[in-house]
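Since the structure comes first, as structure tokens, the remarks are kept for the end.
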Amino acid sequence: MIELRQLTKRYGRVTAVDDLSFDVRPGVVTGFLGPNGAGKTTTMRMILGLDAPTSGAATIRGRRYTDLPAPMHEVGVLLDARATHPRRSVLDHLKCLAQSNGIARSRIEEVLGLVGLSPVAHRRAGGLSLGMSQRLGIAAALLGDPEVLMFDEPVNGLDPEGVVWIRTLMRGLAAEGRTVLVSSHLMSEMALTADRLVVIGRGRLLADVELDEFIRASSRESVLVRTPDAEELACRLRDAGAAVRPDAEDGLVVEGTESAVIGKVAMAHGVVLHELTPHRISLEEAYMELTRGSVEFGASGTKPGSDRVEFGAHGGGGR
């Protein structure tokens, strides 16, 4: 387990991480999410002792990382896939790590096969593509067969087959009872990989909650409607007091009224309906709603809001 208690990091007048407390539990994949500049990488670096916190503490299985007697045997980490000597071969890079941490040569061959790099074991690390460098970084993280794993943007540069592979790997590691923390900006991938989410914005905790509960808490009651007469129906529903907006797939999302009322309005005006179903927002939509007021580097025209998502007793509250 990874435990953070009131973790804070300041750089002069800038607070990168602000009174952050949460647990990363074994047996589940925990997605670590937040906008650019939210403090995710700084938090992970403090967990690993690479940056000293201004206050608070981060522990792994009850100890600070710097106090672990054999770190690679307990914690596997991917922070920077390019953090290798470019002139060393894939095999030599793993040999150096293994020899300095008392890891058997047989384990090197095992992880090379696991990440699919056996055919390029003698290629220099500096000549690898980004996707292959990611695989090498993951091999290094797995080398000590650790119980705790931390991955920062592990799918960067991976092709579709590689994305499926890393997703399956992370879920398999969690199923073995290991602690898995993974940060990513790919919401569609997190929706398929994570069991639990920790979301931060401007260094503060916004949510610490199960994935399904996160989406449910962000959802307003709405109905997805598909019709060849979308413009006509939208006008009639607005006249009836409903809020209507386009759906990404040429449908309508209707809020403020029930399916039965929508059906009656459509029938009264001779509008044909092809679909009339409750609408469940995506993880990406829920995430964007929660973090709208915490975007540090938004595109021109982005207007921060004050939307807030409330969670139950077993989750964190929006802040």
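The values are calculated or read from the model by the stated rules, or taken from the named source; none is laboratory data. Bear in mind the structure is a predicted one, so any value in this text is a computation, not a measurement. All Cβ positions, glycine included, derive from the backbone under ideal geometry; neighbour counts span all protein chains shown.
Structure summary
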quantity: Pairs, first more than 20 Å from residue 131 (Cβ to Cβ) and in the same structural domain as residue 93 (by TED's automatic domain parsing) in region 104-116, second hydrophobic (A, V, I, L, M, F, W, C) and surrounded by 15 or more Cβ atoms within 10 Å (Cβ to Cβ), C-beta under 6 Å, six or more apart; calculated: 108/94; 108/98
quantity: Single unsatisfied condition, residue 30 versus (1) under 18 Å from residue 149 (Cβ atoms); (2) hydroxyl-bearing (Ser, Thr, Tyr); (3) surrounded by fewer than 21 Cβ atoms within 10 Å (Cβ to Cβ); calculated: (3)
quantity: Count of residues meeting criterion [among the aliphatic types (A, V, I, L, M) and farther than 22 Å from residue 289 by Cβ] in region 203-233; calculated: 2
quantity: Subset of region 231-286 [more than 29 Å from residue 186 (Cα to Cα) and basic (Lys, Arg)]; calculated: 236, 238, 264
quantity: Filter result (more than 25 Å from residue 12 (Cα to Cα) and of a type in the set (Asp, Glu)) within region 22-74; calculated: 23, 67, 74
quantity: Members of region 257-275 found to be at pLDDT below 90 and surrounded by 16 or more Cβ atoms within 10 Å (Cβ to Cβ), listed by number; calculated: 257
quantity: Total residues in region 250-293, condition under 32 Å from the mean Cα position of the chain (by Cα), of a type in the set (Val, Ile, Thr) and closer than 20 Å to residue 230 by Cβ; calculated: 4
quantity: One residue from 211, 283, 252, 224 being in the same structural domain as residue 29 (by TED's automatic domain parsing), at pLDDT 75 or above, of a type outside the set (Gly, Ala, Ser) and within 30 Å of residue 199 (Cβ to Cβ); calculated: 211
quantity: Subset of region 9-48 (residues that are under 16 Å from the mean Cα position of the chain (by Cα), assigned to a loop (DSSP other than H, G, I, E, B) and of a type outside the set (S, T, N, Q)); calculated: 25, 28, 34, 35, 37, 38, 39
